[in-house]
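Chemist: One structure coming up, written as C-alpha cells, with questions to follow.
The values are calculated or read from the model by the stated rules, or taken from the named source; none is laboratory data. Only a predicted model underlies this, so the values are computations on that prediction, with no experimental measurement involved. Cβ atoms come from the backbone with ideal geometry, glycine included; neighbour counts cover every protein chain shown. Heads up: the accessible areas ignore ligands, DNA and RNA and are worked out on the full protein's heavy atoms, side chains in. Shrake-Rupley method; radii C 1.70, N 1.55, O 1.52, S 1.80 Å.
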Amino acid sequence: GKHAFRSCTALESIALPPKIAALDDDVFHGCSNLRSVALPDGLTLINNFVFSGCTRLQSVAIPSGVTAIGHSAFEGCSGLASVSIPDGVTAVAPLAFCSCSGLTSVTFPRHGLTTIGRLAFAACRGLTDVTIPEGVTTIDDSAFANCIGLKSITIPCGVTKIGENAFA
C-alpha cells in the first residue's frame with residue numbers, strides 16, 4: 001500500500017513476492033540507503049513517487065509486463081546508472097527520472113512509446129547520447145532540460161511536438 005516503506009533509511013535491499021502487480025504511491029520514497037530491488041515479473045504498474053529520493057539505488061530491472069511508470073517514480077535516484085524501459089510503456093510520465101544525475105544510459109522501448117513527459121529526464125547530467133525511438137510523437141516541455149552532458153540526440157521523423165525548453 002501507499003507509503004509502506006517510506007523513509008526506511010536503513011533498508012538496503014528488498015525482493016518482492018511474485019504476486020505483486022502494482023506498487024502504490026510512495027512505497028519506497030526516501031529510502032536513501034536502498035541499493036537494490038528485485039521487482040516481480042507480474043508487476044504491471046509503478047505508481048507515483050515509488051522510488052523518489054532513493055539516492056543510492058544503483059540498478060533496477062523493470063519487468064516486461066510494466067505498462068506505466070508514474071509521475072516522479074524515480075526522481076532524485078542519483079545513483080541510478082542505467083534504465084531500460086520495457087515495450088509495454090506508452091508514456092514516460094512527467095518527472096519520472098528527473099534529477100537522476102548518475103544516469104548514463106536509457107534504453108527506450110522499440111514499440112508503443114508515444115510520449116516523453118514534462119521534465120521526464122531533466123537534470124540527468126550523466127546522459128551523453130539519447131536516441132528517441134520511432135513511434136514517439138511528443139517530447140514535452142523541458143523533457144531533457146539541464147542534461148549538461150548531452151552530446152548527441154536522435155529524433156525520429158514522426159515527432160510532431162517538441163515542447164518549450166525540451167533540450168535547454
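Chemist: Search the stretch 22-47 for residues being closer than 16 Å to Thr67 by Cα and open to solvent by 50 Å² or more (accessible area, probe 1.4 Å), and hand back the single one that is modelled with the lowest pLDDT.
Modeler: Within the stretch 22-47, the match that is modelled with the lowest pLDDT is Asp41.
Chemist: Do we have Gly76 as out of contact with any Leu (no Cβ under 9 Å at 6 or more places or on another chain) and either open to solvent by less than 10 Å² (accessible area, probe 1.4 Å) or part of a loop (DSSP other than H, G, I, E, B) (or both) here? Even if it seems obvious, please write down each step before you answer.
Modeler: Numbers: out of contact with any Leu (no Cβ under 9 Å at 6 or more places or on another chain): yes; either open to solvent by less than 10 Å² (accessible area, probe 1.4 Å) or part of a loop (DSSP other than H, G, I, E, B) (or both): yes.
So Gly76 fits the description; yes.
Chemist: Can you spot a residue in the stretch 121-140 that is open to solvent by 10 Å² or more (accessible area, probe 1.4 Å), β-branched (Val, Ile, Thr), out of contact with any helix residue (DSSP H, G or I) (no Cβ under 6 Å at 6 or more places or on another chain) and closer than 22 Å to Ser59 by Cα? Before the answer, list the steps.
Modeler: Going through the stretch 121-140, the residues open to solvent by 10 Å² or more (accessible area, probe 1.4 Å) turn out to be 123, 125-126, 128-129, 131, 133-135, 137-138, 140.
Pick out the ones that are also β-branched (Val, Ile, Thr) and you get 128, 131, 137-138.
Retained after the next criterion (residues that are out of contact with any helix residue (DSSP H, G or I) (no Cβ under 6 Å at 6 or more places or on another chain)): 128, 131, 137-138.
Keeping just the survivors that are closer than 22 Å to Ser59 by Cα gives 128, 131.
Scanning the stretch 121-140 turns up at least one residue that is open to solvent by 10 Å² or more (accessible area, probe 1.4 Å), β-branched (Val, Ile, Thr), out of contact with any helix residue (DSSP H, G or I) (no Cβ under 6 Å at 6 or more places or on another chain) and closer than 22 Å to Ser59 by Cα.
Chemist: Would you confirm whether or not the stretch 121-138 contains a residue that is of a type in the set (D, E, K, R), at pLDDT 95 or above and within 22 Å of Thr55 (Cα to Cα)? Outline the logic, then answer.
Modeler: We begin by selecting, within the stretch 121-138, every residue of a type in the set (D, E, K, R); these are 125, 129, 134.
Right, trim to at pLDDT 95 or above and you get 125, 129, 134.
Retained after the next criterion (residues that are within 22 Å of Thr55 (Cα to Cα)): 125.
Among the residues of the stretch 121-138, at least one is of a type in the set (D, E, K, R), at pLDDT 95 or above and within 22 Å of Thr55 (Cα to Cα), which makes the answer yes.
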